[in-house]
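A.B. asks: First the structure, which I've put down as structure tokens, then a few questions once you've had a look.
The values are calculated or read from the model by the stated rules, or taken from the named source; none is laboratory data. These numbers were taken from a predicted model, which means no experiment stands behind them. For neighbour counting, all protein chains shown are included, and Cβ atoms are generated from backbone atoms with ideal geometry for every residue, glycine included.
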Amino acid sequence: MPLPTRYQRQTLFRGHELTRLMSMVVLLLLLWSLINQARQPSMWNWIAEPDNRSAETRAADLESSRDVESSPTAGSQEKIEPGPTDKEPAEWEAIKKEFAAVGDKTALGAEEMPAYWRLMKWSRSQSYADLRRRAEREVPFTKLFDDPDRFRGKLIGFKLHVRQVVDWEVSEDSNFGSGVERVYELRGATEQSLSFPYIVVVSELPAKMPRGMNVFEDVMFVGYFLKTMLYTDGLGTQRASPLLIGRLQWRQSPALKTRQQAGQDFWWMTVFGGAVLLAIVVASWRLGPKRRRAAVDPVQAETEEDAIRRFAEQSSADESSRSAES
């Protein structure tokens, strides 16, 4: 079998380099697609729910959140601690004195903690369903600012679009005998409050509910209004939000769960495809030099000078043969 000529070797080399270049272009396009897709909120549905949902999806999620109250598993994890509640006149007389130390549009102070923990005890001594039956529904956001004394200690229920969930450890000497070791603070808005957030505190969360500074979940909350609490937002601006203490129920909506599964499936398919392509490119790079070395091996391949010399010798032999014949 004749060995490849220099032109053939150059053609093979250029074809291999073109293949490498095309593989690199495809790999870069895939990487760009992954980065661009990762910027979309829908790619992270297991962390965040997109805000630009269709009307049908919003309706499905809203209906699911309504069903949470009647869900047979919604309240199965509740821990009811026996204790006094706001139904007892003596408790109301005691908390009225504690409310005298509560101030609105201020940070939560040590003097307000007796009222804080009494409301916590009340909520832990009753189930979510019991609290919900006696709660006022969707009290206007502005009323809590305009007339806080009227609603202080009252039960209020609403659907909350949670965006942050943080937890705090509680020492035994600062929980006023409530037995609470950790509290969970949730921040989010309602349909009625728009972008103005509520701050709600609970002593327990559903086991699988996401936590962190970027949460996109809906819960049904019911709790006691304590005050409008001053806090500093992420931009360093001081704002005030209603602070309530109570219980919540959460269940991931079927529509959101479907979107999450679709996003995860697409993500893993893309990652697998990229890994296969990367393996092909790496294999091409590793095998390419070996092929080029084999094509230009000085032992096996004929150099251009040898070919010219052989051609000249063959020409001289042919010339001599023709001269002898003539």
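A.B. asks: Provide a single number: the residues in the stretch 146-156 that are touching a Phe, Trp or Tyr at 6+ places or on another chain (Cβ under 8 Å) and part of a loop (DSSP other than H, G, I, E, B).
C.D. replies: Adding up the residues that qualify gives 3.
A.B. asks: Output the qualifying pairs, or none if there are none: Cβ atoms under 7 angstrom, residues six or more apart or on different chains, first residue in the stretch 140-153 and of a type in the set (A, V, I, L, M), second residue modelled with pLDDT of 95 or more.
C.D. replies: Close Cβ pairs satisfying both conditions: LEU144/PHE151; LEU144/PHE225; LEU144/THR228; LEU144/PRO242.
A.B. asks: Turning to a different aspect of this structure: Residue check: is VAL183 under 16 Å from MET229 (Cβ atoms), out of contact with any helix residue (DSSP H, G or I) (no Cβ under 6 Å at 6 or more places or on another chain) and buried (at least 19 other Cβ atoms within 10 Å of the Cβ)?
C.D. replies: Criteria met by VAL183.
A.B. asks: If we keep just the residues of the stretch 157-179 that are touching a helix residue (DSSP H, G or I) at 6+ places or on another chain (Cβ under 8 Å) and assigned to a strand (DSSP E or B), which is surrounded by the most Cβ atoms within 10 Å (Cβ to Cβ)?
C.D. replies: Result: GLY157.
A.B. asks: If you don't mind, another one. Out of the residues in the stretch 187-205 meeting the condition of being in contact (Cβ under 8 Å) with a residue 40 or more places away in the chain, closer than 18 Å to LEU230 by Cβ and among the hydrophobic types (A, V, I, L, M, F, W, C), tell me which one is surrounded by the fewest Cβ atoms within 10 Å (Cβ to Cβ).
C.D. replies: Here is the first cut: in the stretch 187-205, the ones in contact (Cβ under 8 Å) with a residue 40 or more places away in the chain are 187, 190, 192-193, 196-205.
Then drop every residue that is not closer than 18 Å to LEU230 by Cβ, which leaves 187, 193, 196-201.
Next cut, among the hydrophobic types (A, V, I, L, M, F, W, C) only: 196, 199-201.
On the way: PHE196: 15, ILE199: 21, VAL200: 26, VAL201: 21.
Only one residue tops the list, namely PHE196.
A.B. asks: Regarding VAL215, is this residue within 16 Å of LEU243 (Cβ to Cβ), in the same structural domain as LEU244 (by TED's automatic domain parsing) and outside any helix (DSSP H, G or I)?
C.D. replies: The answer is no for VAL215.
A.B. asks: Something else now. Got a sec? Which of TYR184, TYR224, TYR231 is among the hydroxyl-bearing types (Ser, Thr, Tyr), farther than 20 Å from GLU111 by Cα and either part of a strand (DSSP E or B) or in contact (Cβ under 8 Å) with a residue 12 or more places away in the chain (or both)?
C.D. replies: Values: TYR224 fails: farther than 20 Å from GLU111 by Cα; TYR231 fails: farther than 20 Å from GLU111 by Cα.
Step by step, each of TYR184, TYR224, TYR231 is checked, and only TYR184 is among the hydroxyl-bearing types (Ser, Thr, Tyr), farther than 20 Å from GLU111 by Cα and either part of a strand (DSSP E or B) or in contact (Cβ under 8 Å) with a residue 12 or more places away in the chain (or both).
A.B. asks: Any idea which of TYR231, TYR224 is closer than 23 Å to PHE99 by Cβ and surrounded by 19 or more Cβ atoms within 10 Å (Cβ to Cβ)? Even if it seems obvious, please write down each step before you answer.
C.D. replies: Numbers: TYR231 fails: surrounded by 19 or more Cβ atoms within 10 Å (Cβ to Cβ).
Just one listed residue meets the conditions, TYR224.
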